[in-house]
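Quick notes on the structure that follows.
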Amino acid sequence: MKKAIYTTYGSPEVIQIIDVEIPSPKPNEILVKIKAASVTRADTMMRQGIPKFGRIFLGLFKPKNTVLGTGFSGIVEAIGSQITRFKIGDEVFGEKLFGNGSNSEYLCIGENELVEKKPKNISHCDAAPICDGFLTSYNFLKENAKIKQGQHVFINGASGSLGSAAVQLAKIMGAKVTGICSSKNIDFVIALGADEVLDYTTIKLNELQSRYDVVYDTVGKLSYNNSKNILNDNGIFMTPVLSIQILGQMILHPQKVKFEATGIKKKEELKSLLKDLISLFKQNQLQTHIDKTYNLEDLKYAHQYIETGGKVGNIVVVNL
């Protein structure tokens, strides 16, 4: 089978597509033939080894984990002897958080890891990014912000994977939503359900009259210091993008500044959040937007496109 790896930090050119043996599932694992896999901004950052202090965990001089991709959707092709939840032929989706990545033709994943049956009303392409954009944003809105009916949420990067998920989820949770994006994506974010959409190239935070209960910066371009004037007295700033600046602000303002790496939460907590999302997808209350799809052999071009900053929604690698 083919899989994508990177053995050194650098540009998209460091990505290699190699041939390896198809893995055999352990007794508690299933073998999934991948039909679609997510490609995210986080993937591009890990490939570059940025922010550099993150290399303490990723590998100081070269990546410890050389595989790429987390989110996936596919078909169960083989099962281990202890498997009870799945059978061969089941359509499943989930997230491979550690070990062999999802940017490949097959992967093995434990039955009790983050993998569930795919809702029948969505495609493999729609399912593959759910555990990236939707699961992360749902965790931030539900667990960190604890969104309540009638609150006002400011979402920076509202047209991206995390942002487009957050707009939909915040509205379902009863919030008023102000989205921030480029002018060309304003209609898209309005269609997602945002009450108000602002062009990030023209707004100045210190001139906004509204006050928000939550500022959710999905793209790591803001900070608590430049956002605190638009927060109400009990408002919080939160972001999934860690930096030295955000780390310092978390120490100084622990009740006001929230960061969390969703993928390292307890497995049971993630599975509970994912089941909520599955229910919403089955009810057609959520929709995944796919900007572009690429073949696995063209993965480097997917990374190049993400780095232009023009991505709308999600990028998916497809194995047909």
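Run the numbers for residue 26 and residue 280: contour at 0.36 nm per residue of separation, minus the present Cα-Cα distance, in nm.
88.2 nm
Starting from the alpha-carbon convex hull of segment 32-93, give the projected area averaged over all orientations, in nm².
For segment 32-93, the mean projected area of the Cα convex hull comes to 5.5 nm².
Could you work out, for segment 1-73, what percent of all Cα-Cα pairs fall into each 5 Å distance bin, beginning at 0 Å and stopping at the bin that holds the largest distance?
Going from the shortest bin to the longest, the percentages are 3, 14, 23, 23, 16, 12, 7, 1.
Using only the Cα atoms of segment 162-320, build the gyration tensor, take square roots of its eigenvalues as a ≥ b ≥ c, and label the shape rounded, prolate or oblate: rounded if a/c is under 1.5, else prolate if a/b is larger than b/c, else oblate.
Cα axes put segment 162-320 in the rounded bin.
What dipole magnitude, in Debye to the nearest 20, does segment 229-320 give about its Cα centre under +1 on Lys/Arg Cβ and -1 on Asp/Glu Cβ?
Charge dipole, segment 229-320, about its Cα centre: 240 debye, nearest 20.
Return the percentage of antiparallel bridges among DSSP beta bridges fully within the chain, rounded to the nearest 5 %.
55 percent
Across segment 24-165, what fraction of all alpha-carbon pairs, as a whole percent, falls in each successive 10 Å bin from zero upward?
11, 35, 32, 18, 3, 0
Accessible area per residue for the chain in Å², computed with a 1.4 Å probe and the full protein assembly in place, what is it? List each step's numbers first, then the result.
Working: 14570 Å² over 320 residues.
Per residue, the chain has an accessible area of 46 Å².
Please identify every one of the GluC sites (Glu not before Pro) in segment 3-57 that sits in a loop by DSSP and has no more than 16 other beta carbons within 10 Å of its own beta carbon.
Taking segment 3-57 and a limit of 16 other Cβ atoms within 10 Å, the loop GluC sites (Glu not before Pro) found are 21.
Remind me, what semi-axes does segment 144-189 give for its equivalent ellipsoid, largest first in whole Å, using sqrt of 5 times each Cα gyration tensor eigenvalue?
Semi-axes (√(5λ), whole Å): 19, 10, 8.
Rounded to a whole number, what is D in µm²/s for the chain from Stokes-Einstein with the Kirkwood radius over alpha-carbon pairs (10 °C, 1.306 mPa s)? Write out the running numbers ahead of the final one.
On the way: Rh = 20.0 Å.
For these conditions, the coefficient is 79 µm²/s.
Considering only protein heavy atoms and a 1.4 Å probe, what is the carbon-and-sulfur percentage of the accessible area of segment 112-166?
Details: 790 of 1720 Å².
Accessible surface attributable to carbon and sulfur in segment 112-166 totals 46 percent.
As an exercise, identify the trypsin sites (Lys or Arg not before Pro) in segment 51-132 lying in DSSP coil whose Cβ has no more than 11 other Cβ atoms within 10 Å. It would help to have the intermediate numbers written out before the result.
On the way: sites: 52, 55, 64, 85, 87, 96, 117, 120; in loops: 64, 85, 87, 96, 120.
Filter output for segment 51-132: 64, 87, 120.
Rounded to the nearest 20 Debye, what is the dipole magnitude of the chain about its Cα centre when Lys and Arg each give +1 and Asp and Glu each give -1 at the C-beta?
On the way: 38 positive and 32 negative charges, 108 e Å.
It works out to roughly 520 debye.
Using just the helices of the chain, give the 222 nm mean residue ellipticity in deg cm²/dmol: DSSP H runs with n ≥ 4 each add -39,500 (n - 2.57), and the total is spread over all residues, rounded to 500. It would help to have the intermediate numbers written out before the result.
Values: 10 runs with 77 residues, N = 320.
Mean residue ellipticity, 222 nm, calculated: -6500 deg cm²/dmol.
Could you pull out the pairs from 3/300; 148/204; 33/271; 142/204 whose alpha carbons sit more than 20 Å apart here?
Over 20 Å Cα-Cα: 148/204; 33/271; 142/204.
Select from 164, 24, 223 the residue whose mean-square fluctuation is largest in a Gaussian network model of the chain (Cα-Cα springs shorter than 10 Å).
Comparing 164, 24, 223 in a Gaussian network model of the chain, the most mobile one is 24.
Tell me the Rg and the Dmax, in Å, that the Cα atoms of segment 46-127 produce.
Expressed in Å, the Cα Rg and Dmax of segment 46-127 come to 15.2, 44.
What list of ³J(HN,Hα) couplings, whole Hz, do you get for segment 271-285 from phi and the Karplus terms 6.51, -1.76, 1.60, once you set θ to phi - 60° and write x for glycine and proline?
Each residue of segment 271-285 in turn: 5, 5, 5, 5, 5, 4, 5, 4, 4, 5, 5, 4, 8, 6, 8 Hz.
Give the long-range amide H neighbours of residue 175: residues separated by 5 or more places, or on another chain, with amide H under 5 Å away, using H modelled in the peptide plane at 1.01 Å from N.
Correct list: 150.
Roughly how many nanometres apart are two label points built 7 Å out from the Cα toward the Cβ at residue 226 and residue 82?
Computed distance between label sites residue 226 and residue 82 equals 5.0 nm.
For segment 93-233, what is the charge dipole size about the Cα centre, in debye to the nearest 20, if Lys and Arg each add +1 at the Cβ and Asp and Glu each add -1 at the Cβ?
Computed about the Cα centre, the dipole is about 260 debye.
The values are calculated or read from the model by the stated rules, or taken from the named source; none is laboratory data. Computed from a predicted structure; not experimentally measured. Methodologically, a virtual Cβ is constructed for each residue, glycine included, from the backbone with ideal geometry; neighbour enumeration extends over all protein chains shown. Each accessible area value is taken on the protein alone, full model and side chains, heavy atoms only, with ligands, DNA and RNA left out. Shrake-Rupley method; radii C 1.70, N 1.55, O 1.52, S 1.80 Å.
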